[in-house]
Amino acid sequence: MDELNSVTVDVVSDVVCPWCFIGQKRLDKAIAAAGDVAVHIRWRPFQLDPTIPPEGKDRREYMLAKFGSEQRIREIHARIEPLGEAEGINFAFDAIKVAPNTLDAHRVIRWAGAAGEAVQNRLVRRLFQLNFEEGANLGDHAVLIEAAREAGMDASVVETLLPTDADVEAVRTEIATASRMGISGVPCFLLEGKYAVMGAQDADTLADAIRQVAAAKAKGELEKVG
């Protein structure tokens with residue numbers, strides 16, 4: 001396919017962000033609706049809370065400290081659950097026992113990108129499922145290694161690298177770069193590195209943005225988008 005009729009979308013997200021899971025599903029629909037535009041996805045790291053220790057925190061206690069009451073937490077979940085259901089997501093918030101630090105998950109996602117776009121996409125989707133639908137602890141190396149295996153990565157390499165500091169600083173630098181770009185919330189969809197769509201927008205909005213950027217790119221007018 002003519003690469004002029006293509007768009008690269010950098011998705012800045014965190015795998016423990018429910019809106020990012022919804023955004024991933026809507027992006028899939030947008031790509032399907034974008035016609036003959038070839039969309040290349042790259043997943044970029046963001047941490048909702050980098051202060052969580054490596055071993056994680058009890059999620060119930062963490063949420064209570066953050067939102068103040070069980071009632072408020074239930075209200076938040078009740079708002080998100082039907083939106084997820086509309087996208088085919090079965091949010092199982094009560095099954096999540098640990099609020100993890102996601103730095104290691106982002107390292108594995110980075111390594112998946114080196115294995116190819118399809119591998120990275122499979123891994124990110126699996127991590128969302130594990131956290132939100134199965135209540136798995138994404139800070140657990142065994143969980144990350146198995147997810148990597150399922151995505152088609154060499155699990156033995158992941159198992160070897162995870163206990164080291166490999167790419168820790170690279171991931172932190174990427175997160176800092178997103179912050180400097182003004183990205184303070186996720187998901188953020190960055191099209192061709194120039195045009196940002198913030199939040200879990202509906203599929204039609206994303207599809208329109210993809211088509212608009214693809215058309216501008218084909219005409220050499222990308223600077224005029226937005």
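The values are calculated or read from the model by the stated rules, or taken from the named source; none is laboratory data. Keep in mind it's a predicted model, so treat the numbers as computed, not measured. Heads up, the Cβs are rebuilt from the backbone with ideal geometry, glycines too, and the neighbour counts pull from every protein chain shown. Please note that ligands, DNA and RNA were not included when accessible areas were found on the heavy atoms of the full protein model with its side chains. Shrake-Rupley method; radii C 1.70, N 1.55, O 1.52, S 1.80 Å.
Looking at 108, 124, just one residue is open to solvent by less than 20 Å² (accessible area, probe 1.4 Å), assigned to a helix (DSSP H, G or I), β-branched (Val, Ile, Thr) and in contact with a strand residue (DSSP E or B) (Cβ under 7 Å, 6 or more places away or on another chain), and that residue is 124. For the list (1) in a loop (DSSP other than H, G, I, E, B); (2) buried (at least 20 other Cβ atoms within 10 Å of the Cβ), I need the number of the one condition that residue 185 fails. It fails just one condition, (2). The lone criterion from (1) within 30 Å of residue 207 (Cβ to Cβ); (2) touching a residue at least 40 places away in the same chain (Cβ under 8 Å); (3) not charged (D, E, K, R) left unmet by residue 119 is number (2). Being under 17 Å from residue 9 (Cα atoms), modelled with pLDDT of 95 or more and polar (S, T, N, Q) holds for only one residue in 205, 160, 164, and it is 205.
Scanning the stretch 1-30 for residues being over 16 Å from residue 215 (Cβ atoms), in contact with a strand residue (DSSP E or B) (Cβ under 9 Å, 6 or more places away or on another chain) and open to solvent by 20 Å² or more (accessible area, probe 1.4 Å) gives a total of 2.
Taking each residue of the stretch 29-50 that is without any contact (Cβ under 8 Å) to a residue 60 or more places away in the chain and among the small types (Gly, Ala, Ser) and looking for partners that are open to solvent by 20 Å² or more (accessible area, probe 1.4 Å) and outside any strand (DSSP E or B) with beta-carbon atoms closer than 6 Å, six or more apart or interchain, yields 38/1.
Given 118, 136, 114, 142, which one is assigned to a helix (DSSP H, G or I), more than 25 Å from residue 7 (Cα to Cα), modelled with pLDDT of 95 or more and of a type in the set (A, V, I, L, M)? Explain how you work it out, then say what you get.
Details: 118 fails: more than 25 Å from residue 7 (Cα to Cα); 136 fails: assigned to a helix (DSSP H, G or I); 114 fails: more than 25 Å from residue 7 (Cα to Cα).
Answer to the selection: 142.
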